[in-house]
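No lab work stands behind these numbers, since they all come straight from the coordinates. It should be emphasised that the depicted structure is a prediction, and the values quoted were computed from it without experimental measurement. Note: ideal-geometry Cβ built from the backbone for every residue, glycine included; neighbour counts use all protein chains shown.
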2 protein chains.
Amino acid sequence: MCTLRVAMAQVNVTVGDLKGNAEKIVQYVNEAREFHSDVVVFPELAITGYPPEDLLMKSHFIQDNLDMMNYVRERSNDITVIVGFVDLLDGTRNAAAIIHDGNLVDVYHKIHLPNYGVFDEKRYFKSGKSCPVYVVNGIKVGINICEDIWYPDGPILFQSKAGAEVIININGSPYHQGKPRLRKQMLTERAVDNEVFVVYVNLVGGQDELIFDGNSMILDPRGNVLSEGEYFHEDLVVTDLNIRPLRESVTEDSGIVIPDLARGNQTNAIHISHYVCKPNKPSIPEKLIREKDGLEEIYDALVLGTHDYVTKTGFQGVLVAMSGGIDSSLVAVIASDALGPENVLGVSMPSRFSSEGSILDAQELTKNIGMELHTLSIEDIFSTSLEILDPIFQGTEWGVAEENIQARIRGNLIMSISNKFGLMVLTTGNKSEMSVGYATIYGDMAGGFAVIKDVPKTLVYQLAKYRNSLGSTPVIPPAILSKPPSAELKANQTDQDNLPEYDILDSILKAYIEEDVSYEELIQRGFNPGTVKKVIALVEANEYKRRQSPPGIRISQRNFGRDRRMPIANAYRSF
Amino acid sequence: MCTLRVAMAQVNVTVGDLKGNAEKIVQYVNEAREFHSDVVVFPELAITGYPPEDLLMKSHFIQDNLDMMNYVRERSNDITVIVGFVDLLDGTRNAAAIIHDGNLVDVYHKIHLPNYGVFDEKRYFKSGKSCPVYVVNGIKVGINICEDIWYPDGPILFQSKAGAEVIININGSPYHQGKPRLRKQMLTERAVDNEVFVVYVNLVGGQDELIFDGNSMILDPRGNVLSEGEYFHEDLVVTDLNIRPLRESVTEDSGIVIPDLARGNQTNAIHISHYVCKPNKPSIPEKLIREKDGLEEIYDALVLGTHDYVTKTGFQGVLVAMSGGIDSSLVAVIASDALGPENVLGVSMPSRFSSEGSILDAQELTKNIGMELHTLSIEDIFSTSLEILDPIFQGTEWGVAEENIQARIRGNLIMSISNKFGLMVLTTGNKSEMSVGYATIYGDMAGGFAVIKDVPKTLVYQLAKYRNSLGSTPVIPPAILSKPPSAELKANQTDQDNLPEYDILDSILKAYIEEDVSYEELIQRGFNPGTVKKVIALVEANEYKRRQSPPGIRISQRNFGRDRRMPIANAYRSF
C-alpha cells in the first residue's frame, strides 16, 4: 500500500492583499509540513483573492502576484504545494502553480472559463490547452481548476484516462442556497465515473456580494467522502489517501503517455517527487462534517458575509436603524453574531407614525442581544422640512414625497453618526422590497452593506424563527414576528396596502427574477393577472433604485448585482 | 456601369421597445423604398436596442424579438433589408437578417464577440462560423457585424477574397472622445486594403451610460468617404454606389465559391436579387458631414445622453441643485439644451456657508438660460438636525459628519420635489470628484442621472467656455468660471484644501484610472510621491461610493460603470 498525505488548506484570503495572502499561505504550508503532508493544496487564485475583477487590468498587479507566488515557492521546501495564482503566458491565465521542494515544477492553466451568472472570466483570462498528469510520491495526480470539473468530458476525463489516480481540483466556488449538496453530488459522480480520488479544495470567506462556503472534501473512487473541511470557516484538513489497494501496480516508470488536450500531442507524465511512501507518519483521523440544514446554512452564510465585508473594508463596528420590524431585527442579530454585540450600535428614529409597540420591540430586542441603542426623534426635523417645502408643495396632497422625507431624514441621521464615529451602516431591506422598490432610496437604502438584500420576506421570517430556536429564550421578541409588516411612514400603513401578500409576492418574484418566467407562464401557473402585471411593472420600474443600492450577500441563484445585469432604460414588458 | 443604391438607416431605438423599434424600422424601410433604394441597412440589434443585457436571459424576450423581425420582414416587399436582431440557432446569436422582398434569405451571425471594456457579448452570444457573400442587384455583397470589421483578418478578408465588392457592416458602436475619427481611420484602411466599398451603419442615441454617435458612412475602395450620416442624430442617408468602373465583369453567374469560415467548406454565393440596375432612379446627392472639434463632439454627446436617458426612462423634466458652481451650471445648460429650459427646474439651497456670490451667480445663470429657480434655505433643518444629534455628538469636533449633513438635507429636499412632481434629479458631480470621493453619498450624489460623471474638472471648464462661445453673450456668468471651486460645507472652504490642483489631479487620475499606470510609473512621470499616494488611496477607498452613484454618460475610454469593475473589499495598493 502506498499513501499520499494531502492537506487541504481552506483559507480565507482578501482580494488584493497579495502580501497578506502569501504570508497566510506560507503559514499553512508550514502547518501542513508539520503534519508530514506530501501535498498541500490551496484554493483558486489564493494569491490574489477571488474574484480580483479589474485589478487584473493592471499589469503591476499581475507582476506583484507573480512575486508573491515566488515568495511562497521559496518557502515550500520539502513539500509539494498546489496554489492558485495569475500566470502570464501569452495572455493572462487563471493558474495553479505546482511547486515541489522550492521549485516551480509546472503551471496548470484553467481550461473552462465561466462567463455567466456572477462570472466574467472570459473578460480576463485566456483558456488553457493542456492537462498533464504529475507523479507525486509515486502516485499519478491530475490537477485542474474549479469550472473544469463541472464538465464530465473536461480535464478529469483525459487525466484519469492517462492514469491519474488522484484529481486535485482547486476552487473559488461561490455559495448559493443548496450549492454544497449540489456540489457534493457532482463530485461523487466524477469520482465514481473516473475511478479516482477527488480532492476538492474550496475558498472560504466573503468577498463583496459573494460568499465562499468552504466545505472542501476528499472523495474516494467509490464516491465516499473521506474527509471534509468546515462550512464557512477556515480549515486545514489532512488526510491519508491509500491508493494502492484500489489501483495496483502503476509504477513511476510505467512510461504512460498523457494527452495534451488541445494540441493532440502526447507527453510523458511529469515526475514531481521520486520517493515513495514517506516513513514514520503518525496516522491522521478522518474529519467529517455534519451537513447543515437549509436555514442553518443560509444563516451562517449571512453571518460570514457580514463579518467579512465589514472587516475586509476596514470597519470594526456597524450601525443598524432599528424600526422594531422583522427586517432590522434580523439584521441586528446577524450583525451581532458576526461582530459581537459590542460592535453593533442600534439607532431608533421614531416619527409621529411610529407605534409605541415598534419602539418598545426595538428596545427589547437590543436588550436581548446586549447591544446599545440610541433614540433620536425625527419629528422636529420632519416638521421643519415640511415648512421649508410648503411654498413649493402647497395645494398638493400628502403622498410618497412626504413619506420618503421621513426615511431620508433617518438616512441622514444614521449616516452622520457613521461619519462621526467610523461605523458602517447596515441596511435592512429584504429581496422582496428590493424587487418591487418598496424602499426609500437615500433613506432606508442608505448604507454600506445590505445584509438581507437577497433574502425574500418569507425567508426573513423563517430565519428569524430559526435564530430564535437556537437559544432557550427567543432573541427576537415574538411580537416582532407576529405583527403585520409596516413601513410606518403614514398613519395605519401596512405593506399589504401596496403589495400582495408576501407568500404570493415571493412566489411570483422567484419565478420572474430567478427563473425568467414570462407573464403568460405566470398566469398559467395560476397567479392573478392583475397582480402579476403589477409586480412585473414594479420590478422593471425599480431597476434604477437597485443600481444605487449597496451590495449585499448573495444566497440565491440570481441576486441583484453581478448576477442580473438589466438595462435601466428598458421598455420591455412581457405583458 | 451598375449602381447599388444603399440607404443607411441610422435609427435611435430603445432597448426593449420591440414593437416601437420594429415600427420605426418599417417606417424607414418605406422611406428608403420611396428613394428607390436597392438595400436599406439598419444597425446591430436594431430590433431589441443595444445592449439588451440580461433581457437576453428571457426566452420570451428572444421570441418576441423574432416575432418583430418577422413583422419587419412581412413589410419589406420590393427592397432588400439588412437588420440586426437576436437569432436562435443552436444558441443565442447576435445576428443580421438578410431580407429580400418579404423573404428571409439568410441570417449572418456575428463572429467576433467583444467581451472587454463595456462589452459582455460572450455572456450572451455564441459566435458565428460563416461569412457568405450575397449577390444583390448583380453586385457581390458581404455582410458582417460591428467588432467583426475591427479585425483585418476577420470576415472582410474572406468576403473580399471571395469577390465581395461591397461590405455592409452594422454597428452598435459606443462613443468615446475621439472615437469617430479613430473609426473612420480604421474603415479607410479596411476599404483600401480589401478594395471594397464599406457601408458602415451605426446606431445613434443614448442607452444608460452609453452613447451611440451615429456618423454612419460609406467609403469607396480608395478610402474616400462618399456619404455620411449625422453625428448624434437620427438620419437616413441614400447613396448610389457605382460599382462597375472599379471592378469589371464580375457577373452574377461567375460561379465563384465562398469559403465557410470555420468549417472550411466552400459554398456558392447566395443570390438575393436577380435584376440588374433598376431603371428610372432620380439621382441622389451625396452627403458629407463636417467633423466636429473635440469639445463640440463631447458637448453634443452629453446633450444626447441626457435627452435620451431622461426621455427613455419616461421623464419629461429634470431638477438640478444649483450651487452657483461650475459643475451645476454646466449640467443645467446641458439639460436645457437637451430638454428645453422649460423642462429644467433649478433649486438653490443655500446654507450658512453659501457665499452671496454663489447665490447670485446661480440666479444669473438660470435667468440666462430662461429656466425657473426655487430657493430653499437649509439652515433651519440643519440647526434642528445638529440639536437632535447633540446628545450623541457632544464633545466631538466639527468635521465631515456635519459637512455631509448639509449635503444630505439638500439631497432630501430635492428628492422630495422629485417625488412630488415626477421630475428626475440630475446630479452634478464630475469625474475628478467621483474618482477621489469628493462628494457626499445620498447628498449631492442623490439623483437619477449623473450628466458629467465621466468629465474631469479641467474638461468641465473647457466645455463651459465652449458653450459660452456659442452665443453672443456667455450663458454661464464669467464669475462662475473664475472663482475657486468650493463645496461650501464649512467656512472659507475650497476644493484645494483637500485636493491637489485640478490640472495635476486630472493628469494623475487619467493615468491611474484610464491607463492603469502604477504608483512607480507615476513617480517616474514626475508627480510628487505624496500626492500620488494620496490620490491612489482616495480612488481605492471610494469605490463603495461610486457603486451607489447614478449612471452617467460615458465619454472616456474608461468610465466608472460597465468599463471599470473593481472590487469594493480590495486591499491592493500599488505603493
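Data table
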read-out	value
Average projected area [Cα convex hull, the stretch B:463-535], square nanometres	6.7
Area projected by the alpha carbon convex hull of chain A, averaged over all directions, nm²	29.2
Ranking of A:322, A:186 by count of other Cβ atoms within 10 Å, fewest first	A:186, A:322
Karplus-derived HN-Hα couplings along the stretch A:149-166 (A = 6.51, B = -1.76, C = 1.60, θ = phi - 60°), whole Hz, x at Gly and Pro	7, 6, 9, x, 9, x, x, 4, 5, 5, 5, 6, 4, 7, x, 4, 9, 10
Between helix B:400-421 and chain B: long-axis angle, C-alpha atoms, 0 to 90°, nearest 10	50
Three principal axis lengths of the stretch B:93-191 [C-alpha, angstrom, descending]	39, 30, 23
Gained length - residue B:35 relative to residue B:515, 0.36 nm times residue gap less alpha-carbon distance	168.1 nm
Packing-based ranking, highest mean first, of A:208-220, B:530-542 given that Cβ atoms within 10 Å are counted	A:208-220, B:530-542
Label 7 Å beyond Cα on the Cβ vector: residue A:116 copy-to-copy distances, nm	2.5
At most 14 other Cβ within 10 Å, DSSP loop - trypsin sites (Lys or Arg not before Pro), the stretch B:293-400	B:352
Principal-axis tilt of helix B:356-369 within chain B, Cα atoms, nearest 10 degrees	30
Whole-angstrom Cα spans of the protein assembly as shown along principal axes, big to small	96, 80, 68
Contour excess over end-to-end distance, with Cα ends at residue A:383 and residue A:541 and 0.36 nm allotted per residue	53.9 nm
Relative exposure of A:416, B:37, judged by other C-beta atoms within 10 Å (fewest first)	A:416, B:37
Averaged over A:407-417, number of beta-carbon atoms from partner chains that fall within 10 Å	6
Amide H contacts under 5 Å for residue B:231, placed H, 5+ residues apart	B:215
Partner chain coverage, peptide B:52-59 - average Cβ within 10 angstrom	6
Tail fraction, Cα-Cα pairs, the stretch A:284-426, threshold 28 Å, whole percent	33
Average beta-carbon neighbours from other chains, 10 Å sphere, peptide A:45-51	1
Rounded to whole Hz, the Karplus (6.51, -1.76, 1.60) HN-Hα couplings of the stretch B:200-214, x for glycine and proline	10, 10, 10, 5, 9, x, x, 9, 6, 8, 8, 10, 10, 8, x
Other-chain or far-sequence residues with amide H under 5 Å of residue B:348's (modelled H)	B:322, B:374, B:375, B:376
Tilt relative to chain B, helix B:529-541 - C-alpha long axis, 0 to 90 degrees, to 10	70
For residue A:427, distant residues with modelled amide H under 5 Å away	A:448, A:449, A:450, A:451
From phi via Karplus (6.51, -1.76, 1.60), per-residue ³J(HN,Hα) for the stretch B:309-317 in Hz, x at Gly/Pro	5, 5, 6, 6, 8, x, 9, 10, x
Loop-located trypsin sites (Lys or Arg not before Pro) in the stretch B:64-171, at most 14 other Cβ atoms within 10 Å (DSSP)	B:129
Cα coordinate range in the stretch B:414-473, projected on the principal axes (Å, largest first)	37, 31, 13
Low-density loop positions, GluC sites (Glu not before Pro), the stretch B:342-450 - DSSP coil, at most 11 other Cβ in 10 Å	B:397
Inter-copy spacing of residue B:127 label points, which lie 7 Å from Cα along Cα→Cβ, given in nm from shortest upward	0.9
Cα-based Rg of the stretch B:429-567 normalised by 2.2 N^0.38 Å, two decimals	1.08
Estimated 222 nm signal from helices in chain B, with DSSP H stretches of n ≥ 4 weighted -39500 (n - 2.57), rounded to 500	-11000 deg cm²/dmol
